[in-house]
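The values are calculated or read from the model by the stated rules, or taken from the named source; none is laboratory data. Quick caveat, the model's predicted, so the values are computed rather than measured. All Cβ positions, even for glycine, are placed from backbone atoms using ideal geometry, and neighbour counts span all protein chains on display. Ligands, DNA and RNA are stripped out before the accessible areas are found, and what is left, the full protein with its side chains, is counted by its heavy atoms. Shrake-Rupley method; radii C 1.70, N 1.55, O 1.52, S 1.80 Å.
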Amino acid sequence: MTDLHRLSIRELSEGLKTAQFSSRELTEHYLKRIAHIDPKVKSYVTITAEQALAEADAADAALKSGNAHALAGIPLAHKDIFCTQGIKTTAGSKMLDNFISPYDATVVAKAKAAGLVTLGKVNMDEFAMGSTSENSYVGATSNPWALDHVPGGSSGGSAAAVAADLAPIATGTDTGGSIRQPASFCGLTGLKPTYGRVSRFGMIAYASSLDQGGPMARSAEDCAYLMNVIAGHDAKDSTSINKEVDDYVANLNGTAVKGLRIGIPKQYFNVAGLDADVKARVEESLKKLEEMGATLVEVDLNMTEAYVPTYYLIAPAEASSNLSRFDGVRYGYRCENPVDLMDLYKRSRSEGFGAEVQRRILIGTYALSAGYYDAYYVKAQKVRRLIQQDFLKAFENVDVIAAPSAPTTAYKIGANLSPTEMYLGDIYTLAVNLAGLPAINAPVGFDKDNLPVGLQLIGNYWSESQLLSIVHQYQQNTDWHTKRAAIAEENA
């Protein structure tokens, strides 16, 4: 079958269970597509063909026995920030270019236990720091909708792989928008769960109080299938919350859009730099939800101007601490012929880390240093609490809050935006991580250059089912999530 990559997760699951095709055939189909198309997209950094076929054969055996998980035999791609036993895990950095993980991240282990087939590891901004996937040691990934544009970041490889139909689903991580923004840039659905909903064990840390793993796929339904696998408490992760997990697939029609109150923050739609096409497509999607029975309610989010400075104090401070372990001693990159221990530290880190990672380490170290800790880091944490309270006050009157996922569509590769311009591009996503809230991106159209536009819906704590349900029902009434880039239409 030449069109297996056009099937949804539900259709793939049904096809495997009824033996219309085998997991081996499905896996070989995707591996052929990767070999043919990915040299243009450059989404994969490691392709695990041999392991994938072995996992596919095991899934086929489980399917024949009748004891298989709903997702058994379905391929997926993992962001290269999740540790994978026996497979190189680089986090997009020269620092870890030789690192073979001795264990699986919990997300990876859960996917394996469900019988999912790992096609490989996909590209990302180094240590998840960036919004374009250009900050990768192995080079930039292209946006399948326009190969001279970025796919977003830091989960750009995950987004590009799914958008080019080189994997039906992928894992991503979101520290300040790194699932939602690339999903927006590549015309996908991407869910950033409530902090603590998905285990961070084995997910290489950038900023520990902000990082959260989640699913990326074409539709809310596909994301729900993967959430059913990866969500849940993990005793290995002290930030994981021991709270009952919903059946996200069963709840896809559980939230009535009729009567839903959608908050519209007036501050979000008057941000300098908000592209006119993005604003228009987002407003059209909100009008569609209104036609479906939702009510639009204006809300005030008065802390908007504090989002970027607060995030870019807290995240670099945590990065400075987390990345101190990469010193050239135990594992990872080590400089050649160090003259002493201090030279080993200095050269291993300056040669192993890229420019953006070094920039954030320096900012974070400064913010944590004696004399500045109270003035910067402690004050940022206080402002963070005010941002959280701002959201909670809004949720007293609305069910979800709507916003663009990004102020623009995808940038051109090599656009050379300044760090400040790049940071301001995260204005709509950062606060969700600071507050620990869940949020989802849904594709809602295209700009004048045929680049995808995304709508972001932000929910209250533990409202993943609600967000997936709203987007699922929107997608039953629109077809933006079914649109495919020209390169995805190619057959291997």
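Miscellaneous remarks
- Selection within the stretch 305-317 - crowded, with 20+ Cβ neighbours inside 10 Å and of a type outside the set (Phe, Trp, Tyr): 310, 313, 314, 315, 316, 317
- Of the residues making up the stretch 253-276, at least one is among the hydrophobic types (A, V, I, L, M, F, W, C), part of a helix (DSSP H, G or I) and more than 25 Å from residue 435 (Cα to Cα).
- Here residue 140 does not qualify as out of contact with any Lys or Arg (no Cβ under 6 Å at 6 or more places or on another chain), in a helix (DSSP H, G or I) and not hydroxyl-bearing (Ser, Thr, Tyr).
- Any hit, the stretch 347-358, residues being within 30 Å of residue 459 (Cα to Cα) and of a type in the set (Gly, Ala, Ser): no
- Selection count where residues are open to solvent by less than 20 Å² (accessible area, probe 1.4 Å), within 27 Å of residue 465 (Cβ to Cβ) and among the β-branched types (Val, Ile, Thr), scope the stretch 251-288: 3
- Sole exception among (1) of a type outside the set (S, T, N, Q); (2) in contact with a helix residue (DSSP H, G or I) (Cβ under 9 Å, 6 or more places away or on another chain); (3) in contact (Cβ under 8 Å) with a residue 60 or more places away in the chain; (4) closer than 17 Å to residue 202 by Cβ for residue 74, by number: (4)
- Of all residues making up the stretch 48-75, the number that are under 21 Å from residue 34 (Cα atoms), charged (D, E, K, R) and open to solvent by less than 40 Å² (accessible area, probe 1.4 Å): 1
- Where residue 320 falls short, out of the listed (1) touching a Ser or Thr at 6+ places or on another chain (Cβ under 8 Å); (2) over 29 Å from residue 99 (Cβ atoms); (3) open to solvent by less than 30 Å² (accessible area, probe 1.4 Å); (4) not charged (D, E, K, R): (2)
- Cβ-Cβ under 9 Å pairs, at least 6 apart or on other chains, the stretch 474-485 side of a type in the set (Lys, Arg), far side modelled with pLDDT under 95: none
- None of 158, 209, 178, 238 is out of contact with any Leu (no Cβ under 8 Å at 6 or more places or on another chain), of a type in the set (Ser, Thr, Tyr) and free of Cβ contacts under 8 Å to residues at least 12 places away in the same chain except 238.
- Qualifying residue in the stretch 15-36 (condition: basic (Lys, Arg) and within 30 Å of residue 350 (Cβ to Cβ)): no
- When the stretch 204-224 is filtered for residues that are open to solvent by 10 Å² or more (accessible area, probe 1.4 Å) and more than 16 Å from residue 167 (Cα to Cα), the ones remaining, listed by number, are 204, 205, 208, 209.
One line per residue, one yes/no per condition, for (1) closer than 20 Å to residue 443 by Cα; (2) modelled with pLDDT of 95 or more:
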site: 241; (1), (2): no, yes
site: 247; (1), (2): no, yes
site: 261; (1), (2): no, yes
site: 266; (1), (2): no, no
site: 276; (1), (2): yes, yes
site: 285; (1), (2): yes, yes
site: 294; (1), (2): yes, yes
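- Residue count for the stretch 332-390 satisfying the condition of being outside any helix (DSSP H, G or I) and either small (Gly, Ala, Ser) or touching a residue at least 12 places away in the same chain (Cβ under 8 Å) (or both): 9.
- Just one residue in the set 5, 78 is under 23 Å from the mean Cα position of the chain (by Cα) and either more than 30 Å from residue 358 (Cα to Cα) or surrounded by fewer than 17 Cβ atoms within 10 Å (Cβ to Cβ) (or both); that residue is 5.
- In the set (1) surrounded by fewer than 22 Cβ atoms within 10 Å (Cβ to Cβ); (2) closer than 26 Å to residue 426 by Cβ, the condition left unmet by residue 227 is number (1).
- Residue within the stretch 324-333 that is closer than 28 Å to residue 472 by Cβ, of a type outside the set (Gly, Ala, Ser), out of contact with any Asp or Glu (no Cβ under 7 Å at 6 or more places or on another chain) and crowded, with 18+ Cβ neighbours inside 10 Å present: no
- Within the stretch 289-304, being part of a loop (DSSP other than H, G, I, E, B), within 13 Å of residue 402 (Cα to Cα) and open to solvent by 30 Å² or more (accessible area, probe 1.4 Å) holds for one residue alone: 300.
- Qualifying residues in the stretch 391-430 (those that are touching an Asp or Glu at 6+ places or on another chain (Cβ under 8 Å) and part of a helix (DSSP H, G or I)) - the one farthest from residue 289 (Cα to Cα): 419
- One residue stands out in the stretch 294-303 among those that are out of contact with any helix residue (DSSP H, G or I) (no Cβ under 7 Å at 6 or more places or on another chain) and touching a residue at least 60 places away in the same chain (Cβ under 8 Å): the one that is farthest from residue 174 (Cα to Cα), namely 297.
- Taken as a whole, the condition of being among the β-branched types (Val, Ile, Thr), open to solvent by 10 Å² or more (accessible area, probe 1.4 Å), assigned to a helix (DSSP H, G or I) and out of contact with any Asp or Glu (no Cβ under 7 Å at 6 or more places or on another chain) does not apply to residue 162.
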